[in-house]
Each structure stands twice: as structure tokens, then as C-alpha cells.
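Beneath this line is the structure, given in C-alpha cells, with notes to follow.
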Amino acid sequence: MGEPVIHKQVNSIVFGVLSPKIIKKMASAKIVTPELYDKEGYPVDGGLMDIRLGVIDPGLTCKTCGAKLKECIGHFGYIELARPVIHFNFVSTVMTLLKCTCRECGRVLIPNNKTDLFSKQLEEIEKEGGISARRARLKSIVTALKTTNKCPFCKSRQQKITLEKPTTFYENEKRVTPIEIRARLEKIPDDDCKLFGINPAAFRPEWSVLTILPIPPVTMRPSITLESGERSEDDLTHKLGDIIRINQRLFENINAGAPEIIIEDLWDLLQYHITTFFDNDVAQLPPARHRSGQPLKTIAARIKSKEGRIRHNLAGKRTNFSARTVISPDPMIDLDEVGIPTEIAMKLTVPEKVTEWNKEYLKKFIEKGPKTYPGANYIVRPDGKKKKITDETKEQVMEELQPGYSVERHLLDGDIAIFNRQPSLHRVSMMCHRVRVLPNKTFRLNPAVCAPYNADFDGDEMNLHIPQTEEARAEAEILMQVKTQLISPRYGLSIIGCIQDAISGCYLLTKFCNFSREEAAELLLSARETDLSTLPNKEKVSGKEIFSVLLPKNFSFEGKAKGYSGNQDVDKKNDTVVTIKNGKLISGVMDVANLGEGSGLMIRNFVKQYGEQRTIEILGKIFRLGIEVLLKLGFSCGIGDTDIPDEIKQEIQNTLSGAYKDVDDMIAIYREGNFEAFPGRTIEETLELKILERLNEARNKIASLVSKNTQKDTATIIMATSGARGNPLNLAQMAGCVGQQALRGQRIKKGYKGRTMSCFKKGDLSPSARGFIKGCFKSGLSPSEFFFGAMTGRDSLMDTALRTPKSGYLYRRLANAMQDVRVEYDETVRDATGNIIQFTYGEDKLDVSKTEGGKLNVQRIINSVLE
Amino acid sequence: MDEELLKEYSELLPQKVLDEIKDAVPSNISKSKLKEILDKTLEEYNTMKVSPGECVGLVGAESIGEPGTQMTLNTFHFAGVSEMNVTMGLPRIIEILDCSKSLSTPMMEIYLKSPLNKGKGIKEFAENVKETKLRECIKEISVNIGNSSIEISLDKEKMDLLHITRKKLISIMDASLKGFTVKENDELIVVKPRGKDDTVNSLFKAKEKLKEMYVSGIKGITQVLPVKKGEEYIIITAGTNLKVVLEMEEVDATRTISNDSLEISEILGIEAARESVLNEVKKVIDVQGLNVDVRHIMLVADIMCISGAVKGITRYGVVSEKSSVLARASFETPLKHIINASISGERDHLNSVVENVMLNQVIPIGCGMPKLVLENEKGEKAK
């Protein structure tokens, strides 16, 4: 179907410098006047906006190629410079060339017999160490040359050449004009150029002194028409205008025979303008500015930096068919689905080719038009012309439709979409989901896939892309589907797992619950498990039995739950030994250690044994079951969860005062001068360390007191013990004592001289004067304690703010250095040029994303064989 | 157990896996069972191998870059109360990967031979290793303006500990200080200017110089700390000087290590340096409690060491070695690369990733790597 497609591929790119001849040859106009438009607003002939250089106005045709706006890519022009000028970017090359060649005969200052030797050496070095090694060797040869002062060929004496930055050369304090420089560079023979690493075919030394300047086409410096009808020209046009104006004046003055000084001044000015035309950030020159004072953006600035052409436009691409909005959770859709608002589904479309067989099906979409869902927005004719579908054109379009056309229909359930959240730090930040069109205005995603995206729902926004071609869709489906990304290539464990409520729910279910059979069936059905055949047929069903229904029938697994201690009795009491035999959860509770992301091998084993599709189905059901359990039982936490008995409160106070006393004693010993230092430490440091140790000990004791003596079955505790959210330390901070606030691993000592705050005595080393918070969040903090808390809080905020750009840069460097490293068909790891980096990847050829936590699980194989 | 059977598989399975099987299998296992285990392992192993085209480089970069955002910036870290301050976290990772010449906390772990590793005489030895400056073995140093001289009173105890005699000290001072005479005067050592240049200013300058004068020990080692590690005693030092330390007789040169990869590459060679980069990065990541597979770190270490010298992942290091002009230009300093390329008429063969992204072409990695080769009527092969 359709016309044959010819794919052309760029094989290689050669870099070089434009010679004056080529500049002239490729130019389609000689520019002579700085004027832009005449009175009618029509571009002036020979002006900077000459229509031979391309068109930027609608309605005009290009005089060179006859094409209209957007079809003509633009053409270069040129101007002839009244006097030659040095190209700023080649100044350093010119400098080395002048220094290392004879001023009279142009030969390199190396005796003839040695040149061959050097060039051979260089070639060898290049073979071994590449072009950068060659440059390094060249540099050393050149530095050795600079001291020679007699030409070995014509015996003429050499003069000392200096460079006054940016572009003026002196020989023995006498200025060398660009004309002279050019004359000298011309004399350098091609063979000698090669010694400097110059390829004379690509670059002749004298080309670094400009005699004519190419004028870039208008299409690369378009002017903008403001609302007032006024035209605002591009920065480059302004700069070129300056150059032409000065050039013109220089011509006139030379012709009029003006005094040398005036000519030289103008010449310098021309040099300045041309230098800033190339690069407006030259250190020694004041940048050329707009009338408003902001610096002009010239060629170098257009290429350079993050916003420059290379990183912004060439290495970074933009797409159509994308959407962005706020995300919100929906555990009732599948893990690999994404909920899309109808409004967006009607804007994003999928092109579908018309065939004899789907013609009627597609006509239905056209009939609905662009405004009713599911409709279609455009049809595309075989010649690529797009036609909009409106209420008026509907009938006619339907008539026209025939095989070979394609219809851009609205998104439907089951279409492929790529979902992404910035910062896209690893490959799972961008995954492929199936579309699910839903009401309301946010993207919906299953909370279980929050972890790979690092998303939460406090206002996060995410992006969505719709692949438009079959190839793209196939690639997305095979390589980027959520189910293919279950196992992280970073550590070989699952990165997708249950979070928060789902964990609490499963924990409650498997630890405490007993339901009637009806209730159990209700729970399982609402978790969308339809196969209830494994649910035991009895009045009361335990939570473990309900959970077991979700497991595959022949699944066996042994693992440890979060609280696993290794002590048999304790573990039995806490039910932390997880045993699953033939799809039955026999003992153990389900918590983060087995359901969460990045931990435990249970999910990893699902993937191994039952494949990806089955795994995400099970995972989705487990997730929903957890939530349904919570819905049924109710789960709310209040401040009462952190209540502790009075006698424990007293004990906490005692622990604290004990620690305070010990610290005071230590300080007293220190004051007496009897304190002994650790080896390699000063006495003060030792004291600090010991105090920190003592206070930490007290805090840890309080933490264990609190977690032992709070009520076990409150929501807060359940969240902490199941690993859904929070930890015993958080609890201790709420109910017991907040603890030591530390800045850079030390107690707080900043502030006033000798004290942290003005309410303390100078030299006070006691815990409370150095940032120890003995209050808890529930009872409240004292003013000084609150202030200490604010200090560390601010410190950690700063830490995050400073870390992000640093780690971002590290990541960029790593990615840039390693992006082309790949595994070849011979199983070696090589870079783009084919250099072998590793003979076997990771010393054992294992792909981390296919391993179990980075290993091949030998034990399991042995067990399966021996059993 | 059947050693021969295991040997048969040594070509097919990695040694590590074979060893694991050896350890885990009961010793009285029958040959057929063992063979079954090995075959099953081999089968599984083959499914777990990297597929050709896998972009291991980028995956490695992601695996190290992504946890980088989770690391703390906290420079100092306490690994136990009496240990030394060590740079940790993100700054340390950056330091290692940059391959910077001056580390913020250079360190050595010196392992010792018997009897020192039992803790006997370790303190004295440690003191000898440490670089001692004059200011550490004196009680007082003062400038006597009256007769324009510097007076130094020595700390005998400290000197005894370090086995330095007065004479030695004086000769050292004499050698290092030009234009002054050093004389003994009862308890004091008096330093007087020899010439006419006896301005107070020069005296004070000389005093400061004297204070920082090297007396004994190993240069560069500013702090020593004997620690018990496992069963034996080792010395942890701040500051490194591997070359001198490894030559010492009491030192177990096979295990003594510095945390400076550049130094290691100079003294122990490139393979050792690679191992050092690997271990140092791993240490930081483990301390942070992050989970990153060694294979990724290995790859980074290999890339840094592939040229025979340790190169940092910077625009002057690894990136500057790339063959493609556009790949270099898309990283940093694009103008420099483009201009140098045009002077030497470089050709970019477009065989890595960015160049092809720039040109909207298929990248030669993963699915983009396989090429179709067709034979035409004449039997020539064409891509």
C-alpha cells in the first residue's frame, strides 16, 4: 500500500572551514548596504533582508529558489571586507602558527631531517591514543619550538611574537596587521600544516583571517512584527548592520585617502564588531549591547549552553500528541493502566489506516465528529494532506473515505500511551500504560506504580504521550510496558509493590482477621478476584486463608517478615516467619518486607515463576484486597494512639534526668581538667563525642520504652510495625522525647559567642543549651527547643536545595560518558568506536534485571532438585 | 563430590556460581543429581545473560545517578565514636568519579605484621608514622626582640616518645633554616640571624617557618589512630603516603590501602586503581543504605581506567576521549570541539547515540543495532 519509501541515512559528517572561494560561490547575493527595508516596507536589494537570501514574509517568493515562506530554507550572502580581520575563534591557532614558522619563508622551524621523524611519531601516537593524545604531543613539540630563533631553511632571524588579547598581534612591540599575518600564513606549505594537526584540505591557515564574510540567510534571523505593526529585528541582523556600516565607512575613508589613524581606528572597530558577531562573551571585550542595555545574543551564544542549539534543539526534541495534568490515585484501575480525562482523550488522537474491513468501523468515529466522544478529529489523505472533520464537512469526508486514508480517532480504552514524570532519572520514569478513559480532569494511576515514578499526589503533574506509528507502538509495548519493568536493573528486585494502606490492610488481614465466608467472598470479589474455589468451605475464614486465595496454586515460598529477629520463640509469637506452601499462606504476616518495593523475594519469585502479566494481576489484587480490608475494618489514627501510661512517662523522665546527670558529671570532670582524651582527638572533641553517645543512648532507651508501652493495636502502631509508614523513632519523637538536634554530626554550637542563644550562659555545655530537645511533639517544645528544631530543619532544607543540582550534574556527566556503551554480539562490552571495555559484562555476563537481587539463586535450584 | 563434573562446567558457568553450588550441595550427592543441578543452573544462567545490544552503559549511569539524588550532602560521618572523620555521601562520590587530585579527607588503612598487629607497641609505631612538626615537640617558642633571637624550649617527653635527640633536632633546624645560626644554651635552643638582616619581621617569619618544620615521621600523614579491626590492630591515618608506608618493614604491604585512587594507580598500577575506585564507590553507597548492584560500579570503574590511567568523568577526562565530535560538543564547551574538529578536518562516523538523535536517525543500541544485509544479483553484500 502506498508509494515506496526511500530511507536515506547520513553515514558521516566531515567538519571543515569555509574558504573565501566557497563563501563567494555559495553566496546568492552581495550585501552592500545596511538598510533593511524601503519606504513601502519592501526589502532593499543588496540589503540585509534581501529576498535573495530567503523569505520570512508571507506572500513573497524567494528570488534565488522561487519557493515561498517555509519552503525556502534560505541562502547565504557575503560582504567584502575593506580590510582583512582575524577570526576570533582561530586566534590561538594563528598564534602557534606565527610562533613556530619562519617569518620569511613560512617553513616550520624544524630542520628538514627531523620533520619526518616528528610526523611519524605523531602518527603513531594518534594510532595509539587517538586524536587527543596527538594534540597533547603536538603541544609539547610546539612549546619546544618557541625558543628557536633562527630559521633552519633561510637562516633569517626570528622575532618575538606576542598576543595582546583578544586579537592584536605584536612583533617586537610593533603591531602586525592582519594583512601581514595573512601574507605570512599563506606562505606556510601544506606539508608543514600537517605537523600542526591541520588538514590543509579542510583548513588553510590564511582562512583564519577573513577577507570576506558570509551573511547568514534571513531565515535564521527572522524579524518579528510587533502588535503595533513595528518590526523588531533579530540580534544577528543588528550586529550585521553594524558590521556593514563600519565596513562601508572604512571603504569610503580608504578611497578618500584619510589619515592612517582614522583608518586604523575604523579597522579596529570592524575587528571588534566581527569578533562580537561570532562571540559576544569574549573576556577582554565589552559585550555589544542593545539600546536597552541587554547584551546581544550572537552566534556563539546561540550554540552554547543548555539553551543553545545543540542541547536544546538538536539533542532535545519536542513532540505533538502529548498532555500534562495533575495526577491522582485510583487503586481500582490496573497497574498498567492510566486514567485519562475524556477532555484529553478527545484532543489526543490515534491515526488508524482505513482498509476495506474497518471502513465502516472508522466511519462511525467520523460521524460523531470532533465534539462527541469517541469521535475523530482529522482524516489524512494518502498524499499526507490533513483534513479537519467538522459538522459541516462530516458528510463529505465520509463519502471521500477509502482505503489508504487514515482517520485520527479519539483515544479509546486499551490504546497505548507513554507516561512520564520528571525528573526522568531512570528508565522506569517513563513507562507504557494502557489508556482508560475516565471522567474528571486528572490523570489517574494505580498507587502501586508511584515508586518508580517517585510520584505522590500533593499536586504532582505528569506527562502523557501517544505514539503515532505502528513501530513506535510496538516498541513501547514490548520494551516499556509496566509489566516488563517490574524488576529494577539497579538491584534486581521488584520496584513495584504495595504501599501504605495496602500494606496496612494486608498486615491486618493476615495477622488478626477472621471473617465469615460471606464477608470473605465480598472482600475478594471487590478486590476483583473471581476464582473463589480455593476459599475454604467453612463458617469462619481466617485472614491468611483469604489472602491465600490470591496466590497461585502451586506457589511455595519461604521468607521473613519485617520484625524477624532470628529468635525462634519471638518470631513465633510475632508470626514473622513467612511460609507459603502450594499457594497457602501457612504462617507469617504480609508486610513491607514481602509486599513492598525493593525488598524481599516474594514478588521477584512471582515474576520468575508465573511471568509478568500474572504478577501484575496478582499484585493489583493484593493491593485492592488490602484497601478493601481497611474499608471494612475502618482505620483511623488519633492523638490517643500515642498515649502512654503515667508510670512510663515517669520512667522516661527518669531516664532523661539520669542522662542529664551523667552529662553534667562529665562536664564537671572536664572543667576540673581530669578528662581523658581519645587517641588522636582533643579533649573537647572527646567530651562532645561522649556526651552525644550518652544522650543517644538515653533517647534509644526512651524509643524502646515508648514502643513497648503504647497500645499495640492502634492504627499508628500498626502502620509502623507493618512498615506502611513511619517507624518507632517517629513514634518516640511524638510520645517520648525528640532528641538531639545535630548540625554536621555535632551538637549545635553556632550562634552567639560561647553560647547558642542569649538565654543561656556563656560556655554552657549542658544538653539543653546545645540542642537537646527533651520534650515530645505531643506535649510541645519549649521556645529554645523549638528554635533548635528550626535550625536543623532549615539545615536539611538547604541540604536538599544544594544537593539537587550537584547530583544532577554528576548524573549528566555519567550519562554522557557512558551512553554509548553496549553489549556486542560477541558478549563483550564496547563503546561506540568498538574499544573493548569489559570482556564479560560484570564478570559473569548476568543482566541485573534478570537476576534475583544481583544473584543467580543456586539454593533454589538445588532444593528443587533434591526434593 | 565429583570434581570432574564440576570442571566440565567451568567453561559454561561463572566460577562464582560453581563455587556456590559446591558449598551448598551436600557432599554425598550422587553424580546424576549433581549433573541435574548443574544442567538446571546452566539453563537458568543462559536465560539470565545480558542480551546483545543492551545499553549497559546508560543503565549503569542511571543506577548510580538516580540514587545520587537520595544521598545526603552531609560531609562528615561518624562511623563509631572514636573513628576519624571521613568525607561521605554525594561529595565523596563526586570526588571519586572526578578523580580529583586533592581529596578532602585522604586516608590510609595500615595493616601490620606480627607482633604489632596484636597491639604490642602499636602506639609507639603509630607515633613514628605520623609526620611530626617542630611545633609538636616544643614547649614554647618565642621571639626575643631584645637580642633579636628565637628561643625554643623543648618538650622532652614527646621527644623521647619519638626517639629524637636534641642534636638531631638542631641539625635539622640548621639544615632547613638558611641565614641563621642554631645554638644550644642550657635548656633552650637559640636561633640567631647570621647576617645583618635582623629585622623583627624576618624573625617572626623564621619563627613561623620553624613551627611548621618537618622533624620526623612520614610526610603527608597528619593524624594516626590505632584501631582494632576484627581480630587485629590496624592504624588508620589521615593523609596518605603509600609509597613510603609500603616500604616499611613492619607493614603488611599486601593489605595496606589508601583511599586515593590516583596514588594507587601510580604505585600499584591500573588494575589496583580500578579495584580502588570500585571499592570506594561501593563503600559510600553501602554506608548510605542504598542498593546498587556492583556490576554498574564495575562498569564505571572500567570506563575510568580503560586508557591505562585513571581518568575522571569530566570534560577533560573520559568525555574528551570520545571519537565523535558531536558527542563531545553536546556535553560541554561545544565551540572548542567544533573549531578543533574543523581545523583538523575531523570526520564523525555517527556511531554513538547523541549524534544520531541530533540527525533523527536510529541509534545503534538495542533494537537499533541489528542491520539488514542484502545480497544483490551479483552476489555483493549491501547494507
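The values are calculated or read from the model by the stated rules, or taken from the named source; none is laboratory data. Because the structure is a prediction, the values reported are computed rather than measured. As a convention, Cβ positions derive from the backbone with ideal geometry for all residues, glycine included, and neighbour counts pool all protein chains shown.
Brief remarks on what is shown
- The sole residue among B:S10, B:S63, B:S32 that is under 18 Å from B:Q288 (Cβ atoms), at pLDDT 80 or above and not aromatic (F, W, Y) is B:S63.
- Taken over the range A:482-496, the criterion of being part of a loop (DSSP other than H, G, I, E, B) and within 14 Å of chain B (Cβ to nearest Cβ) is satisfied by A:S488, A:P489, A:R490, A:Y491, A:G492, A:L493, A:I495.
- Some residue of the range B:45-54 being part of a loop (DSSP other than H, G, I, E, B) and without any contact (Cβ under 8 Å) to a residue 12 or more places away in the chain: yes
- Boolean, A:Q609 is exposed (fewer than 14 other Cβ atoms within 10 Å of the Cβ) and not aliphatic (A, V, I, L, M): no
- Hey, A:S119 in contact (Cβ under 8 Å) with a residue 40 or more places away in the chain and either in a loop (DSSP other than H, G, I, E, B) or surrounded by fewer than 18 Cβ atoms within 10 Å (Cβ to Cβ) (or both) or not: yes
- Single unsatisfied condition, A:Y170 versus (1) modelled with pLDDT under 85; (2) assigned to a strand (DSSP E or B): (1)
- Enumeration of residues in the range A:851-865 that are at the interface with chain B (Cβ under 7 Å from one of its Cβ atoms) and either free of Cβ contacts under 8 Å to residues at least 12 places away in the same chain or surrounded by 19 or more Cβ atoms within 10 Å (Cβ to Cβ) (or both): A:T851, A:L856, A:V858, A:Q859, A:I861, A:I862, A:V865
- Only listed residue being surrounded by 15 or more Cβ atoms within 10 Å (Cβ to Cβ), among the charged types (D, E, K, R) and assigned by TED's automatic domain parsing to the domain that holds A:N709, chosen from A:R794, A:R770, A:R744: A:R770
- Residue list for the range B:102-115, filter: within 10 Å of the chain's Cα centre (by Cα) and not aliphatic (A, V, I, L, M): B:P106
- Residue list for the range B:55-70, filter: in a loop (DSSP other than H, G, I, E, B) and facing chain A (nearest Cβ under 7 Å): B:C55, B:T69
- If the condition is being in a helix (DSSP H, G or I), crowded, with 16+ Cβ neighbours inside 10 Å and within 39 Å of the chain's Cα centre (by Cα), then the range A:61-116 contributes A:F88, A:N89, A:F90, A:V91, A:T93.
- Some residue of the range A:419-442 being closer than 28 Å to A:R318 by Cβ, touching a residue at least 12 places away in the same chain (Cβ under 8 Å), touching a His at 6+ places or on another chain (Cβ under 6 Å) and not assigned by TED's automatic domain parsing to the domain that holds A:G620: yes
- On the stretch given as the range B:266-279, residues that are over 21 Å from B:V56 (Cα atoms), surrounded by fewer than 22 Cβ atoms within 10 Å (Cβ to Cβ) and more than 14 Å from chain A (Cβ to nearest Cβ) total 5.
- Subset of the range A:200-236 [over 38 Å from the mean Cα position of the chain (by Cα), crowded, with 16+ Cβ neighbours inside 10 Å and either in a helix (DSSP H, G or I) or not hydrophobic (A, V, I, L, M, F, W, C) (or both)]: A:R204, A:P205, A:E206, A:W207, A:S208, A:T211
- The combined condition, being at the interface with another protein chain (Cβ under 7 Å from one of its Cβ atoms) and under 21 Å from the mean Cα position of the chain (by Cα), is not fulfilled by B:I285.
- Among the residues of the range A:734-771, those that are touching a residue at least 40 places away in the same chain (Cβ under 8 Å), touching a strand residue (DSSP E or B) at 6+ places or on another chain (Cβ under 7 Å) and of a type in the set (S, T, N, Q) comprise A:Q740, A:Q741.
- Among the residues of the range A:388-419, those identified as buried (at least 17 other Cβ atoms within 10 Å of the Cβ) and assigned to a strand (DSSP E or B) are A:Y405, A:S406, A:V407, A:E408, A:R409, A:H410, A:I416, A:A417, A:I418, A:F419.
- Any chance B:L335 is in contact with a Lys or Arg (Cβ under 7 Å, 6 or more places away or on another chain), in a helix (DSSP H, G or I), modelled with pLDDT of 85 or more and at the interface with chain A (Cβ under 9 Å from one of its Cβ atoms): yes
- Options A:R830, A:R813, A:R803; residue that is under 40 Å from the mean Cα position of the chain (by Cα), at pLDDT 90 or above, within 29 Å of B:P91 (Cβ to Cβ) and surrounded by 15 or more Cβ atoms within 10 Å (Cβ to Cβ): A:R813
- Selection from the range A:428-445 of residues that are crowded, with 21+ Cβ neighbours inside 10 Å and within 24 Å of the chain's Cα centre (by Cα): A:V428, A:M431, A:C432, A:H433, A:F443, A:L445
- Residue list for the range B:17-44, filter: out of contact with any helix residue (DSSP H, G or I) (no Cβ under 8 Å at 6 or more places or on another chain) and assigned to a helix (DSSP H, G or I): B:D19, B:D23, B:S32, B:D39, B:L42, B:E43
- Summed over the range B:345-368, residues that are surrounded by fewer than 20 Cβ atoms within 10 Å (Cβ to Cβ) and at the interface with chain A (Cβ under 7 Å from one of its Cβ atoms) total 8.
- Qualifying residue in the range A:266-273 (condition: farther than 30 Å from A:E408 by Cα and assigned to a loop (DSSP other than H, G, I, E, B)): no
- Single unsatisfied condition, A:G780 versus (1) more than 7 Å from chain B (Cβ to nearest Cβ); (2) at pLDDT 90 or above; (3) in a loop (DSSP other than H, G, I, E, B): (2)
- Complete set of residues in the range A:638-676 that are without any contact (Cβ under 8 Å) to a residue 24 or more places away in the chain, outside any helix (DSSP H, G or I) and charged (D, E, K, R): A:E676
- Residues (free of Cβ contacts under 8 Å to residues at least 12 places away in the same chain and either surrounded by fewer than 11 Cβ atoms within 10 Å (Cβ to Cβ) or outside the structural domain of A:L348 (by TED's automatic domain parsing) (or both)) located in the range A:455-468: A:D458
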